[in-house]
1. Quick check, is Ala77 within 14 Å of the ligand (Cβ to nearest atom), small (Gly, Ala, Ser), at negative phi and not in a strand (DSSP E or B)?
2. Residue by residue through region 62-79, note down the ones that are surrounded by fewer than 21 Cβ atoms within 10 Å (Cβ to Cβ) and in contact (Cβ under 8 Å) with a residue 60 or more places away in the chain.
3. Kindly evaluate Leu56 against the criterion of being out of contact with any Asp or Glu (no Cβ under 6 Å at 6 or more places or on another chain), within 16 Å of the ligand (Cβ to nearest atom), in a loop (DSSP other than H, G, I, E, B) and closer than 15 Å to Val128 by Cβ.
4. Among the residues of region 27-38, is any in contact with a strand residue (DSSP E or B) (Cβ under 7 Å, 6 or more places away or on another chain), within 18 Å of Tyr101 (Cα to Cα) and either of a type in the set (Gly, Ala, Ser) or more than 13 Å from the ligand (Cβ to nearest atom) (or both)?
5. Looking at Asp218, Asp170, which is the one that is surrounded by fewer than 23 Cβ atoms within 10 Å (Cβ to Cβ), touching a residue at least 60 places away in the same chain (Cβ under 8 Å), touching a Lys or Arg at 6+ places or on another chain (Cβ under 9 Å) and over 30 Å from Phe64 (Cα atoms)?
6. Going by what's in this entry, would Leu135 be described as surrounded by fewer than 22 Cβ atoms within 10 Å (Cβ to Cβ) and more than 11 Å from the ligand (Cβ to nearest atom)?
7. Restricted to region 80-105, and to residues that are within 15 Å of the ligand (Cβ to nearest atom) and in a helix (DSSP H, G or I), which residue is farthest from Leu152 (Cα to Cα)?
8. Determine which single condition Arg50 fails, assuming it passes every other condition in (1) surrounded by fewer than 19 Cβ atoms within 10 Å (Cβ to Cβ); (2) of a type in the set (Lys, Arg); (3) not in a loop (DSSP other than H, G, I, E, B).
Amino acid sequence: MSHDDDRTRYIEITVQSALTRVDSARMPGLKWSLNPYRGCKHNCVYCYARYTHEFLELDPTKDFAQTVYVKRNLPQALRADLRKSSWQREHVSIGTATDPYQPAEGRYQLTRNALLVLREQLTPAGLVTKNTMALRDADIMASLSRAAGFHLIMSISTIDPVLARQLEPDAPTPQQRLRTVQQLVEAGVRVSVALAPVLPGITDGESQLAELIEAAYDHGAEVAFHQPFRMYSATRASLFAYLKTHHPHLLEPYQRVYSVRQDPPREYRWKLSDRIERVRRRLAPRQPASQPMTPNEGQLQLGL
Ligand code: SF4
């Protein structure tokens, strides 16, 4: 079954299993991932997950935001996964490939129902999003946090609203995301901000990073991590089109640097880490007190 809204076609599919084992050296901390949707209407020009549409023989540039697959039975499949005798209640990472609170979630509520299943089965989880819709499920997140452990990461690449609109055309503004961060913290949810991705020459200025980190602190969140932009082949067309329009002087350097590697050079990554560390030290007095880990976070529960 499928339905369309103004620009996006939603295709409902069923899955055998909700969880995917993560076995990647690039993501050493992740064990299991869960993605209710495939494709993402936020349509960020730098999105690394565009490659997932190539597997479906779709255009990763045009179709990624226009054809979204909806795993209609995901909560039921998740319950079956978590009831297996082999399940060890390991940490589940939600939203590793697409945003679990993209607009489709308003209609389908798959993320919400997956969180309910995780809480029911006392399984710890984390979730990454750019969308304010997360606030709708704050009560479930807070109770999952108490029952088994939960941590939300709000991804923000810049607090400049004009730049954000260019980079993340259909995601909520950074200011809306920061307000959501604050409201989630007030609701008892453990929240951090990820500076992700950091785009060389575009969002990596020291004052830009300082404004972003300061804004995260002022809204009650710690900074979880930063991620220098990594180029996947399926992302090249959308990123280069963006550069051509908005930063033509950066087109050639990006083409040169990313033609031989996925990541920026090591020296750049070191400099970026130093820069962020310097900003964090300077802003340390503004950093909010660490949000308490829940007593059960990461531990197994017997469900008694
Ligand atoms: S919100 Fe995440 S998954 Fe969605 S388009 Fe942006 S980077 Fe990709």
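1. No: the conditions fail for Ala77.
2. Matches in region 62-79: Arg72, Ala77.
3. Values: out of contact with any Asp or Glu (no Cβ under 6 Å at 6 or more places or on another chain): yes; within 16 Å of the ligand (Cβ to nearest atom): yes; in a loop (DSSP other than H, G, I, E, B): yes; closer than 15 Å to Val128 by Cβ: no.
Judged against the criteria, Leu56 is not a match.
4. yes
5. From the options Asp218, Asp170, the qualifying one is Asp218.
6. yes
7. Ala104
8. Result: Arg50 fails condition (1) only.
Where a number appears in this text, it was derived from the coordinates with a stated rule and is not lab data. This one's a predicted model, so the numbers in the text were calculated from it and none came from an experiment. A quick note on method: Cβ atoms are made from the backbone with ideal geometry, for glycine too, and the neighbour counts reach across all protein chains shown.
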